[in-house]
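Heads up, the thing below is written out as structure tokens.
The values are calculated or read from the model by the stated rules, or taken from the named source; none is laboratory data. Not measured: the values here are computed from a predicted model. Reconstructed Cβ throughout: ideal geometry from the backbone, glycine too, with neighbour counts over all protein chains shown. Keep in mind that these areas ignore ligands, DNA and RNA; they rest on the heavy atoms of the full protein, side chains included. Shrake-Rupley method; radii C 1.70, N 1.55, O 1.52, S 1.80 Å.
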Amino acid sequence: MAVIDANSSGVSGDKYLGALVDMGGRVESLRKVAKVVAERLPGTSNVEVEARRVERGGIGGQILTIKSEEKVLRRKGSTILSAVQKCVKELKLSDWGSKFSLATIETLLHAESKVHDHSPNDVELEELGSADTLIDVLGVACLSEELELDKATWWSTPVAVGGGTSRFSGRSYPNPAPAVAEVLRACKFPMVRGLGDQELSTPTGVAITVNLVGNYSQFHPAIQPDMVGYGAGSKDIDGVANILRIMAGRSLETPHSHDEVVILETNIDDVTGEIIGRAAERLMSQGARDVTITPVYMKKNRPGHVITVIAKKADAEDLAQVLIAETGTLGVRELPVNRHITPRTSRTIQLRIGGKTHRVGVKIAEDRKGRVLGFKVEYEDLRRISDQTGISVLKLQRLAKPLLELPEKGDR
């Protein structure tokens with residue numbers, strides 16, 4: 001497991017490289033990457049990579065400096081992507097490293113194409129089209145493989161984007177920069193303002209983050225750290241330790257897996273049962289994990305209902321809007337919660353009735369050691385068979401149970 005602390009001073013390509021070097025990654029590996037980039041990116045020569053130790057906010061970390069001679073000011077997206085494809089082959093990156101590198105560059109190109117209203121192949125990039133960007137992305141892939149983090153599950157806290165304004169192309173823009181905002185929007189990745197009143201996260205940094213990370217959380221997952229690295233930013237910011245911390249280690253085994261969901265709730269007392277039922281149907285069709293309706297007594301002893309929705313964080317805003325539109329409620333509460341999940345597998349059994357064989361799905365709950373805790377036959381399959389045969393769902397459940405032949409606990 002690897003955990004990225006991104007919610008205080010943000011993310012950038014050089015901070016990622018610095019943190020990975022601080023964890024034990026070799027600078028010589030980055031120089032090899034730089035040499036390949038210089039050979040494969042048209043108009044680039046004399047690329048140099050240097051690492052040195054600095055302090056940011058009283059904390060020591062590695063800062064990476066990349067210098068190159070660029071004979072062109074802008075490069076088209078197609079040129080950049082072609083160069084990366086050639087580099088991953090020459091560097092002999094693993095399948096993971098190749099996919100990560102290409103996906104990160106494509107994320108950047110799609111964001112820039114959206115911002116500038118050009119196709120990803122035709123969009124022209126200045127700073128993001130330089131050797132620095134390619135070395136950042138390919139370097140993260142290379143060092144991650146070197147440190148065996150390519151096999152890790154990556155987590156991140158929400159990305160700090162900063163406040164104030166930034167300047168590029170001769171103009172000032174509010175932070176986050178347009179490309180940063182577009183990457184986060186497209187990937188539905190959470191952001192926070194952070195501690196600085198300036199740009200804290202770069203487009204390259206957020207593109208690397210969203211392509212590394214499989215899970216995000218406001219809190220650290222349970223981990224026993226084996227490696228900790230600090231990557232320093234180029235600026236020393238007042239009041240902020242301008243560093244990116246990455247921790248890697250062993251995930252602490254728990255009886256259940258976990259995720260974070262949100263609970264949406266609203267109280268209503270002025271709509272009919274038909275309206276409530278329609279709202280529940282719409283919420284489920286739009287991706288809610290579950291919808292429950294609880295009768296309650298409200299102010300002045302008026303009978304009413306509490307509609308409760310369990311949803312993924314990324315879907316919360318859309319589902320709240322559905323709830324408002326369908327019920328006319330004036331407010332929706334949103335509560336973030338951690339959920340304990342029992343591991344489960346699926347299998348299919350053959351249920352023979354009246355000379356005909358029917359396929360029925362079964363969900364099997366297990367503990368972390370694979371021991372069976374219980375099972376549930378898929379209701380929709382049983383309902384389909386019930387409609388076809390006229391046999392009750394209850395009787396079909398009884399007929400299906402002997403066919404499961406599940407091992408007793410401890411047999412696996």
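Is there a residue in the range 243-251 that is farther than 23 Å from residue 158 by Cα, exposed (fewer than 15 other Cβ atoms within 10 Å of the Cβ) and over 19 Å from the mean Cα position of the chain (by Cα)?
Taking the range 243-251 first, the residues farther than 23 Å from residue 158 by Cα are none.
No.
If you go through the range 1-37 and pick out every residue that is outside any helix (DSSP H, G or I), more than 24 Å from the chain's Cα centre (by Cα) and surrounded by 24 or more Cβ atoms within 10 Å (Cβ to Cβ), you end up with 1. The residues of the range 105-129 include none that are buried (at least 24 other Cβ atoms within 10 Å of the Cβ) and out of contact with any helix residue (DSSP H, G or I) (no Cβ under 7 Å at 6 or more places or on another chain). Residues that are closer than 26 Å to residue 339 by Cβ and open to solvent by 70 Å² or more (accessible area, probe 1.4 Å) were ranked within the range 268-289; the one that is farthest from the chain's Cα centre (by Cα) is 281. Per the listing 76, 151, the residue uniquely of a type in the set (Lys, Arg) and surrounded by 15 or more Cβ atoms within 10 Å (Cβ to Cβ) is 76.
State all residues of the range 360-378 that are open to solvent by 40 Å² or more (accessible area, probe 1.4 Å) and under 19 Å from residue 350 (Cβ atoms); if no residue qualifies, say none.
Start the filter on the range 360-378 by keeping residues that are open to solvent by 40 Å² or more (accessible area, probe 1.4 Å), which leaves 363, 368-369, 371, 373, 375-376, 378.
Within the range 360-378, 363, 375, 376, 378 meet the criteria.
Screening the range 379-388 for residues that are under 16 Å from residue 357 (Cα atoms) and not aliphatic (A, V, I, L, M) and picking the one that is most open to solvent (accessible area, probe 1.4 Å) gives 387. When the range 56-99 is filtered for residues that are of a type in the set (D, E, K, R) and free of Cβ contacts under 8 Å to residues at least 12 places away in the same chain, the ones remaining, listed by number, are 89, 92, 95, 99. Taken together, the residues in the range 141-168 that are outside any strand (DSSP E or B), of a type in the set (Gly, Ala, Ser) and free of Cβ contacts under 8 Å to residues at least 40 places away in the same chain amount to 2. Within the range 38-53, residues that are closer than 26 Å to residue 23 by Cα have Cβ atoms under 6 Å from residues that are open to solvent by 100 Å² or more (accessible area, probe 1.4 Å) in these pairs: 48/67, counting only partners at least 6 apart in sequence or on another chain. Residue count for the range 10-56, restricted to those that are under 18 Å from residue 213 (Cα atoms), polar (S, T, N, Q) and out of contact with any Ser or Thr (no Cβ under 9 Å at 6 or more places or on another chain): 0. Regarding residue 50, is this residue closer than 27 Å to residue 9 by Cβ and either among the hydrophobic types (A, V, I, L, M, F, W, C) or in contact with a strand residue (DSSP E or B) (Cβ under 7 Å, 6 or more places away or on another chain) (or both)? Yes.
Mind listing whichever residues of the range 358-412 are small (Gly, Ala, Ser), at pLDDT 85 or above and outside any loop (DSSP other than H, G, I, E, B)?
Let us first name the residues in the range 358-412 that are small (Gly, Ala, Ser), namely 361, 365, 370, 374, 386, 390, 392, 400, 410.
Subset that is at pLDDT 85 or above: 361, 386, 390, 392, 400.
Listed by number, the residues that qualify are 361, 386, 400.
Residue 262 meets each of the listed conditions (1) closer than 23 Å to residue 190 by Cα; (2) surrounded by fewer than 15 Cβ atoms within 10 Å (Cβ to Cβ) apart from (2).
For the range 169-192, the candidate set comprises residues that are basic (Lys, Arg) and outside any helix (DSSP H, G or I); within that set, the residue that is modelled with the lowest pLDDT is 171. Every condition in (1) assigned to a strand (DSSP E or B); (2) of a type in the set (Val, Ile, Thr); (3) more than 30 Å from residue 373 (Cα to Cα) is met by residue 261 except one, and the failing one is (3). Inside the range 293-315, residues that are assigned to a strand (DSSP E or B) and open to solvent by 60 Å² or more (accessible area, probe 1.4 Å) make up a count of 7. So, residue 31, is that one under 29 Å from residue 149 (Cα atoms), touching a residue at least 24 places away in the same chain (Cβ under 8 Å), basic (Lys, Arg) and out of contact with any Lys or Arg (no Cβ under 6 Å at 6 or more places or on another chain) or not? Judged against the criteria, residue 31 is not a match. Out of (1) in a loop (DSSP other than H, G, I, E, B); (2) closer than 21 Å to residue 3 by Cβ; (3) open to solvent by less than 40 Å² (accessible area, probe 1.4 Å), what's the single condition that is false for residue 195? Only one criterion is unmet by residue 195, namely (3).
Within the range 329-357, if we keep just the residues that are of a type outside the set (Lys, Arg) and out of contact with any strand residue (DSSP E or B) (no Cβ under 9 Å at 6 or more places or on another chain), the residue that is surrounded by the fewest Cβ atoms within 10 Å (Cβ to Cβ) turns out to be 355. Look at residue 327 and say whether it is over 27 Å from the mean Cα position of the chain (by Cα) and of a type in the set (Ser, Thr, Tyr). Answer is yes for this residue.
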